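Remarks on the structure that follows.
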Amino acid sequence: MSGTFVGMPAFPAFPVAAHEAVNNRTLRGNLRHATHTIRAKRAKAVAELSDWDALREAGKQIKDHTLRHLDRYLIQLEESVTAAGGTVHWAADADEANRIVTRLVQETGESEVVKVKSMATQEIGLNEALEEAGIRAYETDLAELIVQLGKDRPSHILVPAIHRNRGEIREIFAREMSEWGRPAPDGLTDTPAELAEAARLHLREKFLRAKVGVSGANFMVAETGTLVVVESEGNGRMCLTLPETLISVVGIEKIVPTWQDLEVFLQTLPRSSTAERMNPYTSTWTGTTDGDGPRTFHLVLLDNGRTDTLADEVGRQALRCIRCSACLNVCPVYERAGGHAYGSVYPGPIGAILSPQLRGTASEIDASLPYASSLCGACYEVCPVAIDIPEVLVHLRERVVEGGPVTREGNKVVLQPAKGHAAERAAMRAARWTFTHPGALRTGQRLASRTRRFHPRTVPGPGRAWTGTRDLPAVPAEPFRDWWQRTNGGKGETK
């Protein structure tokens with residue numbers, strides 16, 4: 001398992017995977033219904049706040065300030081957690097994090113753990129690492145349970161089983177629950193209430209039996225060492241309070257300086273994610289307390305490419321992300337291709353900029369992700385921390401095509417230009433030369449206008465794919481410069 005595993009096995013380039021996905025009518029129907037419903041509810045919830053733009057800007061400023069001083073706040077967090085009775089571990093990559101968690105579980109003598117939804121543990125492939133060590137991890141979030149029982153992969157940040165409909169979920173429960181624990185009730189139907197009750201009964205015995213819990217966190221407060229998890233089902237609170245040992249695996253970017261900073265995000269996150277005014281369950285814990293909750297608490301701080309991302313002045317804004325998934329629900333590409341096509345635990349627009357930075361752009365899938373966008377800008381408009389995703393996408397496309405200096409594993413390296421873009425690079429170099437030589441530009445414009453009747457509607461060779469779905473723009477009969485000179489800027493034109 002690679003040190004930067006991000007939740008998916010080797011995967012083909014995005015265009016290949018997306019081509020298969022768009023031909024799945026059931027998948028597209030499920031995605032269309034779910035994303036349209038969520039984004040309509042979100043728009044209504046956001047509209048209730050007259051100061052939404054101010055909250056959005058405040059969230060952006062808090063995150064940017066924290067990232068600029070991340071070293072200081074991480075040390076403060078470690079000191080606060082330790083003072084509260086917890087133990088802090090530092091993991092440079094996925095392999096180290098998996099080794100730490102596996103060792104901590106083995107030291108308890110247990111062979112089972114219950115998990116509250118954690119994208120960081122999916123990012124590093126923790127379930128697979130624990131399984132190799134003979135430890136079984138049980139997902140307790142309803143959607144994660146569906147994915148696990150179905151031997152599937154998450155396809156959405158907030159709703160990992162968004163690609164499944166009720167009928168498919170009923171079949172998965174009836175077929176697989178008995179192999180993981182309590183079987184599904186006889187005569188189970190696909191009504192939401194019955195499916196939820198089947199999951200509750202299945203999970204309850206695991207909550208009551210488990211001695212070790214594994215969690216993530218939405219936020220970490222540096223000044224007090226407090227961790228925060230927000231959720232809608234209550235499974236998180238069961239995982240956080242019932243086990244004797246709690247292990248939290250959290251990305252280093254999830255930190256905020258003070259409790260006061262939480263006030264902003266506890267308004268913007270629920271409205272942007274579940275379209276709720278506040279999350280039904282907001283759990284906070286600070287170290288350990290005698291007679292209340294786990295007796296042992298471990299915090300594993302995960303880097304896994306985040307420091308490298310922080311070194312990129314344009315790309316670092318991806319680390320502001322609070323995992324609300326609003327960008328997925330408005331993205332026309334995600335709606336048609338689904339989450340699996342992104343080959344990462346982070347799908348959609350945020351995944352298209354985060355995964356290539358955490359993993360690098362050397363693989364086929366990561367080199368293609370920055371192109372998995374129409375650059376329409378809808379993702380930026382809904383982002384509650386104002387991540388300019390289109391800007392980062394263009395920035396990463398330049399990195400793929402041109403190569404250049406980047407930071408990988410803390411070292412400065414120079415990437416070679418990607419293969420297959422030679423014609424594009426040649427065209428850009430020719431354009432740059434032309435635009436810096438006005439005489440050549442003027443001659444080219446006049447030649448193009450005078451020969452426009454002979455221009456093809458499609459481009460041959462490497463440009464064929466681009467013109468396969470669009471016509472070339474028509475060349476005007478007269479260049480703008482000639483028109484301007486002839487009419488004195490339009491003043492000499494006949495009305």
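What are the ³J(HN,Hα) couplings of segment 167-184, residue after residue, when phi is run through the Karplus curve with 6.51, -1.76, 1.60 and θ = phi - 60°? Round to Hz, x for glycine and proline.
x, 5, 5, 4, 5, 5, 4, 5, 8, 10, 4, 5, 6, 10, x, 4, x, 5
Let me make sure I get this right: for segment 428-495, a, b and c are the square roots of the gyration tensor eigenvalues over alpha carbons, sorted descending. Under 1.5 in a/c it's rounded, otherwise prolate if a/b > b/c, else oblate. Which is it?
oblate
Using the Karplus curve 6.51 cos²θ - 1.76 cosθ + 1.60 with θ = phi - 60°, what ³J(HN,Hα) values do you get for each residue of segment 311-317, in whole Hz, with x for Gly and Pro?
Computed from phi, the couplings for segment 311-317 are 6, 8, 5, 8, x, 5, 5 Hz.
Summarise the accessible area of the chain (1.4 Å probe, protein heavy atoms) by the percent that is carbon and sulfur. Walk me through the numbers on the way to the answer.
Working: 12390 of 23710 Å².
Taking all protein chains in place, the chain shows 52 percent carbon and sulfur surface.
Name the shape class, rounded, prolate or oblate, that the alpha-carbon gyration tensor gives for the chain, where a ≥ b ≥ c are the square roots of its eigenvalues, rounded holds for a/c under 1.5, and otherwise prolate holds if a/b is larger than b/c and oblate otherwise.
Numbers: a/c = 2.08, a/b = 1.78, b/c = 1.17.
Taking the square roots of the gyration eigenvalues as a ≥ b ≥ c, the chain is prolate.
In whole Hz, with x marking every Gly and Pro, tabulate ³J(HN,Hα) for segment 259-265 from phi via Karplus 6.51 cos²θ - 1.76 cosθ + 1.60, θ = phi - 60°.
4, 4, 5, 4, 4, 5, 6
For the chain, what does -39500 (n - 2.57) per DSSP helix run (n ≥ 4), summed and divided by total residues, give at 222 nm, in deg cm²/dmol to the nearest 500? It would help to have the intermediate numbers written out before the result.
Values: 23 runs with 245 residues, N = 495.
Rounded to the nearest 500, the figure is -15000 deg cm²/dmol.
How big is the dipole moment of segment 285-414 about its Cα centre under a simple scheme where the beta carbon of each Lys and Arg is +1, that of each Asp and Glu is -1, and everything else is neutral? Debye, nearest 20, please. Each step should come with its number before you reach the end.
Details: 11 positive and 15 negative charges, 26 e Å.
My answer is approximately 120 debye.
Restrict the search to segment 115-222; then list the chymotrypsin sites (Phe, Trp or Tyr not before Pro) that DSSP places in a loop and that have at most 15 other Cβ atoms within 10 Å of their Cβ.
Numbers: sites: Tyr138, Phe173, Trp180, Phe207, Phe219; in loops: none.
In loop regions of segment 115-222 (DSSP not H, G, I, E or B), there are no sparsely surrounded chymotrypsin sites (Phe, Trp or Tyr not before Pro).
Accessible area of Trp52, 1.4 Å probe, to the nearest 10 Å²?
Taking all protein chains as shown, Trp52 has close to 20 Å².
Using DSSP, restrict attention to beta bridges with both residues in the chain and report what percent are antiparallel, rounded to the nearest 5.
Approximately 40 percent, going by the DSSP bridge assignments.
Sort by residue number and name the cysteines in the chain that have no neighbouring cysteine Cβ under 4.7 Å.
By the Cβ distance rule, which asks for a partner under 4.7 Å, the isolated cysteines are Cys239, Cys321, Cys324, Cys331, Cys376, Cys383.
Once amide H atoms are placed 1.01 Å from N in the peptide plane, what residues at a sequence separation of 5 or more from Gly403, or on another chain, have their amide H within under 5 Å of its amide H?
Amide H neighbours of Gly403: Ala418.
Might you tell me the accessible area per residue for the chain, computed with a 1.4 Å probe and given in Å²?
Details: 23710 Å² over 495 residues.
Result: 48 Å² per residue.
With the cut-off at 22 Å, tell me which of the pairs Lys151/Lys211; Lys151/Lys254; Lys117/Lys211; Lys41/Lys206 have Cα atoms farther apart than that. Kindly include the intermediate steps, with their values, before the conclusion.
Numbers: Lys151/Lys211 25 Å; Lys151/Lys254 29 Å; Lys117/Lys211 17 Å; Lys41/Lys206 33 Å.
Table pairs above 22 Å Cα-Cα are Lys151/Lys211; Lys151/Lys254; Lys41/Lys206.
Tell me which trypsin sites (Lys or Arg not before Pro) from segment 428-481 have a DSSP coil assignment and no more than 12 other beta carbons within 10 Å of their own.
Numbers: sites: Arg429, Arg432, Arg442, Arg446, Arg450, Arg452, Arg453, Arg457, Arg464, Arg470, Arg481; in loops: Arg457, Arg470.
Passing both the DSSP loop test and the Cβ count: Arg457, Arg470.
For segment 388-425, which trypsin sites (Lys or Arg not before Pro) are in a loop by DSSP, counting at most 14 other Cβ atoms within 10 Å? Provide the component values of the computation, followed by the final result.
Details: sites: Arg397, Arg399, Arg408, Lys412, Lys419, Arg425; in loops: Lys419.
For trypsin sites (Lys or Arg not before Pro) across segment 388-425 that sit outside H, G, I, E and B with at most 14 neighbouring Cβ atoms in 10 Å, the list reads Lys419.
Please say if segment 17-163 is rounded, prolate or oblate, where rounded means a/c under 1.5 for a ≥ b ≥ c the square roots of the C-alpha gyration tensor eigenvalues, and otherwise the choice is prolate for a/b larger than b/c and oblate otherwise? Mind dumping the intermediate values first?
Details: a/c = 2.35, a/b = 1.14, b/c = 2.07.
The shape class here is oblate.
The values are calculated or read from the model by the stated rules, or taken from the named source; none is laboratory data. Note that the coordinates shown come from a computational prediction; the quantities given were computed from them, not determined experimentally. As a convention, Cβ positions derive from the backbone with ideal geometry for all residues, glycine included, and neighbour counts pool all protein chains shown. Please note that ligands, DNA and RNA were not included when accessible areas were found on the heavy atoms of the full protein model with its side chains. Shrake-Rupley method; radii C 1.70, N 1.55, O 1.52, S 1.80 Å.
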